[in-house]
Amino acid sequence: MKKITKNLLCILMTAVMLTTAIIPSFAAENFVWDAIFESDDTKAGLIMFAGSDETERNFTWYTETENTPVITLSTNILMIGAEDFEGTTEKASDGDFVNHVTITNLDFDTTYYYKAVSGDYESAVYSFRTASEDEFKAVYMTDIHITNDSEENTTSLYDTSLGLHNALTDAFIKEPDINLLISAGDQASDGLEAEYKAFTASPFLKSIPVATTIGNHDRKGVEYKTFANVPNEYEEAKVSSYVGDNYWFVKGDVLFLMADTNNASGEDHVAFVEKAVNENPDVKWKVLVAHHDLYSGRIPHRESENALIRLMWAPIVDEYGIDLVLLGHSHFYTVSNVLYNNKTVAPLAPEMVDPAGTVYMVSCSINRPREEEELGLNEDVIGFDYLTLEPTYNILSFTDDSITVESYEVGADEVFNSFTITKTTDDGGHEYKENAIVSMFNNFVRKIGSIYAIFNNIGRYSDLKEDGFDVDFLDCLLGR
Ligand SMILES: [Fe+2]
Ligand SMILES: [Fe+2]
């Protein structure tokens, strides 16, 4: 009976995903979201992350007891001929066990059904479809800010997870073939297990893979470290920022470089990018996703933070020919011109063919849009900015020869900004003009950054201790 109820819930969720309009958070008839938010699968925090490439998916969920976790996978909705994939379990920060499973050998363009099983826990049956070999669509959001309940706001988890679900619903109504969520950090406001569980509530996140980066708010707690189940982590890093490492994955003809800009260890960042690029020599497109924005903080202290992080990252973006950079943190929507060496080499335009530089983009927050407009210090490199109190999301279409970005406010029918980058050759990236003196300076900055990262981790250790987290000093020092 329990299984039938779960499967009915799953069907109900699917119906909600595909047919409903956005559920207003203030509506009295929120029984559908009540059922989703209170479901066993939300309590377990079941979520699907991107795997190393389209043939893989990674899963996370929480249980109260320690058992070998299993994902049961089939191409058949009745789960006939299902294959079991076993994973690992470890203690999470709040006392639960966190389960990680990777499934492999998936085919392109194929629908799969799965359920997660561990001890007494058995999820509903969910489905997902793999993308084709060359083309796919993604939704890019940032600063989702799932926020824990407090005395002042006892429905914060409920409301903020509904905010994310509404944005995803809106995106899927526009584009049902979305096959990836790119989330550029600050998934949670305090880095807590309860927040990450609520982050998973939307049933969409059980049917498309999620690729997250570490925001400064994710680093306020320690749970992101066990929550995120990401591929190809750069574990060789000498210094990390305690809750995770840089990682990469490939989808279609795109190498996604997922970087942790909380970590100032420049030597590690450049080594990570070099390794990822060398291991994927045939990809045509390179997209960097990171949290801290680089050109449009639009608050004085953020502008100075931008300038320091830019010193580290802009030369890496130039040297490795990154096509598109997706960022967050400022909660303010901007798209740069085509930039090289921190300067405009071509204006942002609806169609950009073989640009000789990189477009940097920051989307607006899902649950905390910026309320005031302030001009920044780098307006000469910004091609488009947009002040809105509405959350925004972006549908990215990756094809053989182009990347198209279409930006929407949640609830609006019309695109408020769009652009396409097209390449007429198979070569990835764009030309890099080497300069020995500049290279020496960049190496110096990267070394200083690595030293700074260690001191930053010492500060982080005392903050975490003060907040009552049980962390080891040596682990924290090197960010492990
Ligand atoms: Fe944020
Ligand atoms: Fe942030």
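State whether the residues of region 27-43 include one that is in contact with an Asp or Glu (Cβ under 9 Å, 6 or more places away or on another chain), outside the structural domain of ILE208 (by TED's automatic domain parsing) and modelled with pLDDT of 95 or more.
Going residue by residue through region 27-43, those that are in contact with an Asp or Glu (Cβ under 9 Å, 6 or more places away or on another chain) are 40.
Of the ones still in play, those that are also outside the structural domain of ILE208 (by TED's automatic domain parsing) are 40.
With modelled with pLDDT of 95 or more added as a condition, the list becomes 40.
Yes: one or more hits.
Among the listed residues ALA201, ALA237, ALA194, identify the single one that is outside any loop (DSSP other than H, G, I, E, B), away from ligand 1 (no atom under 15 Å from the Cβ), in the same structural domain as ASP293 (by TED's automatic domain parsing) and among the hydrophobic types (A, V, I, L, M, F, W, C).
Numbers: ALA201 fails: outside any loop (DSSP other than H, G, I, E, B); ALA237 fails: outside any loop (DSSP other than H, G, I, E, B).
Exactly one residue qualifies, and that residue is ALA194.
Name the one entry in ALA171, ALA167, ALA138, ALA211 that is outside any loop (DSSP other than H, G, I, E, B), crowded, with 21+ Cβ neighbours inside 10 Å and within 16 Å of ligand 1 (Cβ to nearest atom). Talk me through it step by step, then tell me what you get.
Numbers: ALA171 fails: within 16 Å of ligand 1 (Cβ to nearest atom); ALA138 fails: within 16 Å of ligand 1 (Cβ to nearest atom); ALA211 fails: within 16 Å of ligand 1 (Cβ to nearest atom).
Being outside any loop (DSSP other than H, G, I, E, B), crowded, with 21+ Cβ neighbours inside 10 Å and within 16 Å of ligand 1 (Cβ to nearest atom) holds for just one of ALA171, ALA167, ALA138, ALA211, which is ALA167.
Does ASP186 satisfy the criteria of being within 16 Å of ligand 1 (Cβ to nearest atom), touching an Asp or Glu at 6+ places or on another chain (Cβ under 7 Å) and either of a type in the set (D, E, K, R) or part of a strand (DSSP E or B) (or both)?
Working: within 16 Å of ligand 1 (Cβ to nearest atom): yes; touching an Asp or Glu at 6+ places or on another chain (Cβ under 7 Å): yes; either of a type in the set (D, E, K, R) or part of a strand (DSSP E or B) (or both): yes.
Spelling it out, ASP186 is indeed within 16 Å of ligand 1 (Cβ to nearest atom), touching an Asp or Glu at 6+ places or on another chain (Cβ under 7 Å) and either of a type in the set (D, E, K, R) or part of a strand (DSSP E or B) (or both).
Could you list, in sequence order, the residues of region 73-95 that are acidic (Asp, Glu) and either modelled with pLDDT of 95 or more or outside any loop (DSSP other than H, G, I, E, B) (or both)? Before you say what the answer is, go through the steps one by one.
First, the residues of region 73-95 that are acidic (Asp, Glu): 83-84, 86, 90, 94.
Within region 73-95, GLU83, ASP84, GLU86, GLU90 meet the criteria.
Answer yes or no: is there a residue in region 114-128 that is closer than 30 Å to TYR360 by Cβ, at pLDDT 95 or above and either in the same structural domain as LYS220 (by TED's automatic domain parsing) or not aromatic (Phe, Trp, Tyr) (or both). Give the derivation first.
Taking region 114-128 first, the residues closer than 30 Å to TYR360 by Cβ are none.
Looking through region 114-128, none of the residues is closer than 30 Å to TYR360 by Cβ, at pLDDT 95 or above and either in the same structural domain as LYS220 (by TED's automatic domain parsing) or not aromatic (Phe, Trp, Tyr) (or both).
From VAL405, VAL445, which residue is over 22 Å from the mean Cα position of the chain (by Cα) and aliphatic (A, V, I, L, M)? Give the steps one after another, and end with the answer.
Numbers: VAL405 fails: over 22 Å from the mean Cα position of the chain (by Cα).
The match here is VAL445.
Among ASP268, ASP260, which is the only one that is within 16 Å of ligand 1 (Cβ to nearest atom) and charged (D, E, K, R)?
ASP260
When you go through TYR234, TYR224 one by one, which is the residue that is surrounded by fewer than 24 Cβ atoms within 10 Å (Cβ to Cβ), at pLDDT 95 or above and hydroxyl-bearing (Ser, Thr, Tyr)? Talk me through it step by step, then tell me what you get.
Values: TYR224 fails: surrounded by fewer than 24 Cβ atoms within 10 Å (Cβ to Cβ).
So the residue among TYR234, TYR224 that is surrounded by fewer than 24 Cβ atoms within 10 Å (Cβ to Cβ), at pLDDT 95 or above and hydroxyl-bearing (Ser, Thr, Tyr) is TYR234.
Check region 390-398 and report whether any residue there is among the hydroxyl-bearing types (Ser, Thr, Tyr), surrounded by fewer than 13 Cβ atoms within 10 Å (Cβ to Cβ) and closer than 19 Å to LEU324 by Cα. So that I can check it myself, show each step before the final result.
Of region 390-398, the ones among the hydroxyl-bearing types (Ser, Thr, Tyr) are 392-393, 397.
If we keep only those that are surrounded by fewer than 13 Cβ atoms within 10 Å (Cβ to Cβ) too, we end up with none.
No - not one qualifying residue is present in region 390-398.
Could you check, for region 366-380, whether at least one of its residues is within 16 Å of ligand 1 (Cβ to nearest atom), buried (at least 19 other Cβ atoms within 10 Å of the Cβ) and either at pLDDT below 95 or not assigned by TED's automatic domain parsing to the domain that holds HIS331 (or both)?
yes
Mind listing whichever residues of region 141-160 are within 16 Å of ligand 1 (Cβ to nearest atom) and either farther than 15 Å from GLY191 by Cβ or more than 14 Å from the chain's Cα centre (by Cα) (or both)?
Filtering region 141-160 for residues within 16 Å of ligand 1 (Cβ to nearest atom) gives 141-148, 156, 160.
Those that are within 16 Å of ligand 1 (Cβ to nearest atom) and either farther than 15 Å from GLY191 by Cβ or more than 14 Å from the chain's Cα centre (by Cα) (or both): MET141, THR142, THR147, ASN148, SER156, THR160.
Having 3 or more residues that are away from ligand 1 (no atom under 16 Å from the Cβ) and modelled with pLDDT of 95 or more is the bar; report the strands (runs of 3 or more DSSP E) wholly within region 305-353 that clear it. Before the answer, list the steps.
Working: elements: 324-328, 333-340, 343-346, 351-353.
Ranges flagged: 333-340, 343-346, 351-353.
Table: residues versus (1) of a type in the set (Gly, Ala, Ser); (2) more than 20 Å from THR392 (Cα to Cα); (3) more than 16 Å from ligand 2 (Cβ to nearest atom).
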site: GLU152; (1), (2), (3): no, yes, yes
site: ASP159; (1), (2), (3): no, no, yes
site: LEU162; (1), (2), (3): no, no, yes
site: ASP170; (1), (2), (3): no, no, yes
site: LYS174; (1), (2), (3): no, no, yes
site: LEU181; (1), (2), (3): no, no, yes
site: ASP186; (1), (2), (3): no, no, no
site: SER189; (1), (2), (3): yes, no, no
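The values are calculated or read from the model by the stated rules, or taken from the named source; none is laboratory data. The structure presented is a predicted model; accordingly, all values stated were derived computationally and were not measured. Don't worry about glycine lacking a Cβ; one is built from the backbone with ideal geometry, like all the others, and counts go over all protein chains shown.
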